[in-house]
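What follows is a single structure, written as structure tokens, with notes after it.
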């Protein structure tokens, strides 16, 4: 049945070359853990992407209950975690996954560094990778405030003070982040929410696309 | 042993699809259950809410009776005021829901001066008889819902809403 459906679409749209381009590519021996077990270090990039997908999915589901408002944010988080079926699991996936993404992206960076994969002709992909790292850290920072509990509040105070220590423009950055020159409150929460669920994910998807197109065009770097 | 040999490629294909599907399901199941929770949550049955309408002042003419109760909307608890159309049929108290069965607007008794013995919905001119029976040829497709109603210390108390039992 599925085959027939596929053939029907393929006959009209010729989709086979499209997914072949995406899915069919050789995995060289030196990056295949089945040949050399130590090649598992080449999995870190894929694992980072896998966890990122989980983060996007679990985040989409969390926004079904979450409210980015100082009156209701904590209450809605408490409700979705304790009153909604599997709330603890879904929030747990997003909470632990957030830390795991940073760990995996760091391991991936180490692998790229120690195999020298950043060297010519792959310098641009390294640059995009560093930008991706920045976006992930931005997502971590903005997401940390959203539960609107004491830890979130004071962690963000500290983060914003660190941003404010930038010479000359520090105070402007602080106001830009917090939405107010002195208060860390209603406007901060809505800003961080917007940045966390719209702006940074958009940047993330664009950079990921560039990252993947480049690796597919250039292929994986050779063995050491 | 059958003669249909499964090739190594097919075997790996089936195994990987199976394991991959199992893992994907394990990942998606909590999220989907989380999302559909409002459909599956059990609502506890409501208590009777006392109104300030005296039973001995209720006549055979429907009157609008407001009642206020505490509504829990997920994490938001608030006082909500609803109303019912209450009248007597002999000695029996009757309370009808004012929610139109067409598209949910609020109906009024004698809302249309030209037909003073019917409920009238201003949105699309839906009409109902006194017992809630929808008037054929007007938009509603069913009779008005009915509230459980009882007398408490001489006052009207309104319970949960149920399907109309007066219309045969």
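Things worth noting here:
- Spatial separation of Cα centroids for segment B:113-168 and segment A:158-224, in angstrom: 57 Å
- For segment B:49-162: rounded, prolate or oblate by the Cα gyration tensor [a/c cutoff 1.5]: oblate
- Sites residue A:154 and residue B:75, calculated FRET efficiency, Cβ-Cβ separation with R0 30 Å, nearest 0.05: 0.80
- The overall shape of the protein assembly as shown, judged from the alpha-carbon gyration tensor, is prolate: a/c is not under 1.5, and a/b is greater than b/c.
- With each label modelled as a point 7 angstrom along the Cα→C-beta vector, the residue B:89-residue A:99 pair spans 6.4 nm.
- Ordered by the number of other Cβ atoms lying within 10 Å of each residue's own Cβ, fewest first, A:177, A:168 fall into the sequence A:168, A:177.
- Choice from B:20, B:137, B:111 showing the highest fluctuation, given a GNM over chain B with Cα pairs closer than 10 Å: B:20
- Counted by neighbouring Cβ atoms within 10 Å, the residues A:19, B:109 run from fewest to most as A:19, B:109.
- Pair residue A:168, residue B:52: separation of 7 Å Cα→Cβ label points (nm): 6.8 nm
- Based on Cα contacts under 8 Å between residues 6+ apart, segment B:49-162 shows a relative contact order of 24 percent.
- Degrees, to the nearest 10: B:8-35 long Cα axis against longest axis of chain B: 20 degrees
- Fewest-first sequence of A:130, A:41, A:67 by Cβ atoms within 10 Å of each Cβ: A:130, A:41, A:67
- Chain A: angle of helix A:200-218 to the longest principal axis, Cα-based, in degrees nearest 10: 20 degrees
- A crude spin-label estimate for the pair residue B:66 and residue B:23, with each label 7 Å from Cα along the Cβ direction, gives 6.0 nm.
- Additional length obtainable on full extension of the chain from residue B:115 to residue B:163, 0.36 nm per residue less Cα span: 14.8 nm
- Computed from Cα positions, the angle between helix A:73-82 and the longest principal axis of chain A comes to roughly 60 degrees.
- Anisotropy class of segment A:65-176 from Cα gyration tensor, a/c 1.5 cut: oblate
- Rounded FRET efficiency, nearest 0.05, which uses the C-beta distance separating residue A:212 from residue A:6 and R0 of 25 Å: 0.55
- Here r is the Cβ-Cβ distance between residue A:37 and residue A:110 and R0 is 22 Å; the resulting FRET efficiency, rounded to 0.05, is 0.80.
Readers should treat all values here as calculations from the given coordinates under stated rules, not as data from a laboratory. Here the structure is a predicted model, which means the values were calculated and not measured. We place every Cβ from the backbone using ideal geometry, glycine too, and count neighbours over all the protein chains shown.
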